[in-house]
Amino acid sequence: MPPKKGQVFLRYSDEIKKEAVRLRLEEKLTFALIRERLGIKSDAQIVNWVRRYQNGESFEDYRGSWGRKKFSSLEEENAYLKAHLEYLKKLNPNLHGEGSWISKPGFVPSKK
């Protein structure tokens, strides 16, 4: 199910995640007790953390960061964006070439 508009996702600290995993594996507590004790919303979240722990994976959360670049200045970011734009123009020449609706002066696409 896709997220609802304006929905806020909780992010739990590594300490909470580690404690949930410890309570499940060492103390054999039920998911309901762990959720109640630590204020976690979902059993599935605990199952995911336990699986990651058992597979030796980190608890790092990469949501929303896969395509982000870090720039030291606005000039560096601007140069990157210009190079990216030129690459896209070469990749799709029909979008910016002669005869394209984008290149026609005064043309405004209609809103539907």
### Summary
Note on region 15-24: residues under 10 Å from Phe59 (Cβ atoms) and either within 18 Å of the chain's Cα centre (by Cα) or basic (Lys, Arg) (or both) are Lys17, Lys18
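Scan the helices (runs of 4 or more DSSP H) fully inside region 1-64 and keep the ones with 2 or more residues being acidic (Asp, Glu) and modelled with pLDDT under 90. Steps first, please.
Numbers: elements: 14-25, 31-38, 43-54.
Where helices (runs of 4 or more DSSP H) fall fully within region 1-64, none carries at least 2 residues being acidic (Asp, Glu) and modelled with pLDDT under 90.
The values are calculated or read from the model by the stated rules, or taken from the named source; none is laboratory data. Only a predicted model underlies this, so the values are computations on that prediction, with no experimental measurement involved. Here Cβ is always computed from backbone atoms with ideal geometry, including for glycine, and neighbour counts include all displayed protein chains.
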